[in-house]
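A.B. asks: Sharing a structure here in structure tokens format.
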């Protein structure tokens with residue numbers, strides 16, 4: 001019997017029994033401890049991958065070859081956040097001799113460096129340490145809020161697997177480096193949870209902070225506007241009732257609160273571009289800064305067609321964005337994804353639409369897919385098989401190795417520079 005078990009699983013019966021006992025002990029823990037254990041295990045795994053990659057890191061713009069872990073994770077955009085802490089934002093946009101705007105701090109939203117600066121003031125830590133601590137704590141908090149959000153749509157086990165998918169996603173290693181992603185995801189998960197619970201007034205301060213963390217305010221405001229429009233149509237058609245016996249019905253008070261939240265989200269989405277305008281006197285200060293990294297002016301949708309032509313040629317290339325949009329739209333109507341509910345599906349649709357409209361597709365695009373994390377639960381609900389779910393986690397971790405070695409580690413390209421993570 002033991003030989004059969006070993007052949008089927010690859011592990012001896014004693015190893016299987018030990019794993020079963022460990023699983024039983026973990027299942028007895030409270031939900032927050034289970035989520036924390038999964039998230040911390042994922043981040044320790046990512047740390048091991050970072051340290052292994054650091055051993056092979058050659059000459060680079062920031063430090064000598066073979067850096068330690070802490071230096072290795074404090075590169076790329078982390079240096080810009082450090083620049084914001086040290087020197088703030090420029091009142092005059094830097095330009096070259098031809099008058100073209102150069103890379104500057106206005107591309108980086110203020111909440112994350114402001115919190116790190118406050119932590120440094122209180123504790124005396126340097127900026128890099130404060131940025132790292134906030135990123136790590138925010139990532140942990142995000143995992144807890146992601147679980148709470150998933151529990152609105154699924155039972156404990158699928159929600160926990162959803163956290164595992166979220167925590168091991170190929171670019172999830174960014175949640176422990178000094179980037180604003182972890183803080184933004186914490187706020188996004190909180191805002192979505194409050195919207196799903198219809199706690200719209202409580203969501204207002206969260207959404208304001210969310211819009212100051214990363215450029216996600218526009219799709220979030222669009223999502224709220226679509227939800228509001230749908231709820232108003234429901235009510236005026238007479239599909240609802242004041243008693244709210246129907247779970248989809250919004251009372252007048254709900255509608256008023258949702259209207260206020262939508263208005264605040266719309267204004268907050270424009271707050272940072274307006275702040276850049278006010279500080280520099282240039283109406284396009286923010287967009288000029290953002291487009292420096294892409295090398296050309298902002299033309300909605302065009303970069304995706306250019307990328308399609310580059311990848312698939314002049315005939316099939318222009319069709320590629322339409323095929324991609326159709327496939328993504330169809331995916332939102334798959335039964336496991338439909339179970340996510342209207343709000344989460346609308347968020348994914350609005351955010352992906354925002355990326356297609358304004359993002360220049362490049363290697364950083366992988367990192368920018370993290371706000372689509374509700375789809376992790378849809379992926380879990382695709383099958384109850386532990387083999388399937390375990391395989392997904394394993395593949396995510398393997399792809400995480402690829403992401404760190406290929407994009408995080410610096411290796412100069414023949415033409416100079418390197419692909420950004």
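The values are calculated or read from the model by the stated rules, or taken from the named source; none is laboratory data. Note that the coordinates shown come from a computational prediction; the quantities given were computed from them, not determined experimentally. Because the Cβ atoms are built from the backbone with ideal geometry, glycine has one as well, and the counts that use them run over all protein chains shown.
A.B. asks: Of 123, 95, 45, 132, which residue is in contact with a strand residue (DSSP E or B) (Cβ under 6 Å, 6 or more places away or on another chain) and either free of Cβ contacts under 8 Å to residues at least 12 places away in the same chain or closer than 30 Å to residue 164 by Cα (or both)? Break it down into steps so the answer makes sense when it comes.
C.D. replies: Details: 123 fails: in contact with a strand residue (DSSP E or B) (Cβ under 6 Å, 6 or more places away or on another chain); 45 fails: in contact with a strand residue (DSSP E or B) (Cβ under 6 Å, 6 or more places away or on another chain); 132 fails: in contact with a strand residue (DSSP E or B) (Cβ under 6 Å, 6 or more places away or on another chain).
Answer to the selection: 95.
A.B. asks: Somewhere in region 105-123, is a residue surrounded by fewer than 17 Cβ atoms within 10 Å (Cβ to Cβ), in contact with a helix residue (DSSP H, G or I) (Cβ under 7 Å, 6 or more places away or on another chain) and assigned to a loop (DSSP other than H, G, I, E, B)?
C.D. replies: no
A.B. asks: Return yes when residue 318 is modelled with pLDDT of 95 or more, touching a helix residue (DSSP H, G or I) at 6+ places or on another chain (Cβ under 7 Å) and surrounded by fewer than 18 Cβ atoms within 10 Å (Cβ to Cβ) and no when it is not. Before the answer, list the steps.
C.D. replies: Values: modelled with pLDDT of 95 or more: no; touching a helix residue (DSSP H, G or I) at 6+ places or on another chain (Cβ under 7 Å): yes; surrounded by fewer than 18 Cβ atoms within 10 Å (Cβ to Cβ): yes.
Answer is no for this residue.
A.B. asks: Please go through region 80-90 and pick out each residue that is out of contact with any helix residue (DSSP H, G or I) (no Cβ under 6 Å at 6 or more places or on another chain) and either in a loop (DSSP other than H, G, I, E, B) or modelled with pLDDT under 95 (or both).
C.D. replies: The answer is 88, 90.
A.B. asks: Can you tell me which residue is nearest to residue 223 (Cα to Cα) among those in region 236-261 that are modelled with pLDDT of 95 or more and surrounded by fewer than 15 Cβ atoms within 10 Å (Cβ to Cβ)?
C.D. replies: So, considering only residues that are modelled with pLDDT of 95 or more and surrounded by fewer than 15 Cβ atoms within 10 Å (Cβ to Cβ), the one nearest to residue 223 (Cα to Cα) is 260.
A.B. asks: Mind counting the residues in region 372-397 that are out of contact with any helix residue (DSSP H, G or I) (no Cβ under 6 Å at 6 or more places or on another chain), touching a residue at least 60 places away in the same chain (Cβ under 8 Å) and not in a helix (DSSP H, G or I)?
C.D. replies: 0
A.B. asks: Here is a check on your reading of the model: is residue 322 without any contact (Cβ under 8 Å) to a residue 24 or more places away in the chain and either touching a strand residue (DSSP E or B) at 6+ places or on another chain (Cβ under 7 Å) or not in a helix (DSSP H, G or I) (or both)? Spell out how you get there, then give the answer.
C.D. replies: Working: without any contact (Cβ under 8 Å) to a residue 24 or more places away in the chain: yes; either touching a strand residue (DSSP E or B) at 6+ places or on another chain (Cβ under 7 Å) or not in a helix (DSSP H, G or I) (or both): no.
Judged against the criteria, residue 322 is not a match.
A.B. asks: Mind telling me which of the residues 332, 346 ends up being without any contact (Cβ under 8 Å) to a residue 24 or more places away in the chain, in contact with a helix residue (DSSP H, G or I) (Cβ under 9 Å, 6 or more places away or on another chain), within 20 Å of residue 224 (Cα to Cα) and surrounded by 15 or more Cβ atoms within 10 Å (Cβ to Cβ)? Give the steps one after another, and end with the answer.
C.D. replies: On the way: 346 fails: without any contact (Cβ under 8 Å) to a residue 24 or more places away in the chain.
So the residue among 332, 346 that is without any contact (Cβ under 8 Å) to a residue 24 or more places away in the chain, in contact with a helix residue (DSSP H, G or I) (Cβ under 9 Å, 6 or more places away or on another chain), within 20 Å of residue 224 (Cα to Cα) and surrounded by 15 or more Cβ atoms within 10 Å (Cβ to Cβ) is 332.
A.B. asks: Additional query: Would you pick out the residues in region 291-316 that are within 26 Å of residue 273 (Cα to Cα) and part of a helix (DSSP H, G or I)? So that I can check it myself, show each step before the final result.
C.D. replies: Initial filter on region 291-316 (within 26 Å of residue 273 (Cα to Cα)): 291-304.
Matches in region 291-316: 291, 292, 302, 303, 304.
A.B. asks: Restricting the search to region 49-65, which residues are out of contact with any helix residue (DSSP H, G or I) (no Cβ under 6 Å at 6 or more places or on another chain) and over 28 Å from residue 213 (Cα atoms)?
C.D. replies: 52, 55, 56, 57, 58, 59, 60, 64, 65, listed by residue number.
A.B. asks: Name the residues in region 262-274 that are surrounded by 17 or more Cβ atoms within 10 Å (Cβ to Cβ) and without any contact (Cβ under 8 Å) to a residue 40 or more places away in the chain, would you?
C.D. replies: First, pick out the residues of region 262-274 that are surrounded by 17 or more Cβ atoms within 10 Å (Cβ to Cβ): 262, 264-266, 268-269, 272-273.
Passing the criteria: only 273.
A.B. asks: So residue 51 clears everything in (1) within 30 Å of residue 157 (Cβ to Cβ); (2) without any contact (Cβ under 8 Å) to a residue 40 or more places away in the chain; (3) part of a helix (DSSP H, G or I) except one condition, right? Which one?
C.D. replies: (1)
A.B. asks: Just to be sure before I move on: is residue 101 at pLDDT 95 or above and more than 17 Å from residue 404 (Cβ to Cβ) in the structure I sent? Before you say what the answer is, go through the steps one by one.
C.D. replies: On the way: at pLDDT 95 or above: no; more than 17 Å from residue 404 (Cβ to Cβ): yes.
So residue 101 fails the test.
A.B. asks: If you go through region 188-198 one residue at a time, do you hit one that is on the phi > 0 side of the Ramachandran plot and at pLDDT below 95? Please lay out each step first, then the result.
C.D. replies: Residues of region 188-198 on the phi > 0 side of the Ramachandran plot: 198.
Among the residues that remain, those that are also at pLDDT below 95 are: none.
The answer is no, given that none of the residues of region 188-198 is on the phi > 0 side of the Ramachandran plot and at pLDDT below 95.
A.B. asks: For region 322-329, does any single residue satisfy the condition of being surrounded by 17 or more Cβ atoms within 10 Å (Cβ to Cβ) and modelled with pLDDT of 95 or more? It would help to see each step written out before you state the result.
C.D. replies: Of all residues in region 322-329, those surrounded by 17 or more Cβ atoms within 10 Å (Cβ to Cβ) come to none.
There is no residue in region 322-329 that is surrounded by 17 or more Cβ atoms within 10 Å (Cβ to Cβ) and modelled with pLDDT of 95 or more.
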